[in-house]
Amino acid sequence: MARKAKKRSYSRSAGSDVESEMRRYKKGTAKSGRKGRGGRVKSRKQAIAIGLSKARKKGKKVPKKAAKKTSKKRTTKKRTTKKSSKRKSSKR
């Protein structure tokens, strides 16, 4: 049985957006945040994410962002310590 060829999940033009962002990252001119106020991009992963984000805004074929895993906060029960009240014996 022949296997079906997988479809590209990203468009080629989206790849070119990531490529241009990687060039900016290597040059040291890539900035993060709105209007570059977040500072210089320091990691490759961050540069790729910015490139994909720009491609999404242009309407290119890019898969949706993966949902973040949210960890449930553990609620700890408050322990109430029993205070043993000893009666003072009054000696008369």
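The values are calculated or read from the model by the stated rules, or taken from the named source; none is laboratory data. Because the structure is a prediction, the values reported are computed rather than measured. Cβ atoms come from the backbone with ideal geometry, glycine included; neighbour counts cover every protein chain shown. Keep in mind that these areas ignore ligands, DNA and RNA; they rest on the heavy atoms of the full protein, side chains included. Shrake-Rupley method; radii C 1.70, N 1.55, O 1.52, S 1.80 Å.
Structure notes:
- Any chance Lys86 is modelled with pLDDT under 90, in a helix (DSSP H, G or I) and either of a type outside the set (A, V, I, L, M) or loosely packed, with under 10 Cβ neighbours inside 10 Å (or both): no
- A search for C-beta distances below 9 Å between a residue of the range 17-40 that is over 21 Å from Lys58 (Cα atoms) and any residue that is hydroxyl-bearing (Ser, Thr, Tyr) and open to solvent by 100 Å² or more (accessible area, probe 1.4 Å), counting only pairs 6+ apart in sequence or on different chains, returns nothing.
- Looking only at the range 34-60, and only at residues there that are part of a helix (DSSP H, G or I) and at pLDDT below 90, the one that is most open to solvent (accessible area, probe 1.4 Å): Arg34
- Those residues of the range 1-33 which are of a type in the set (Val, Ile, Thr) and either open to solvent by 50 Å² or more (accessible area, probe 1.4 Å) or more than 21 Å from the chain's Cα centre (by Cα) (or both), in sequence order: Thr29
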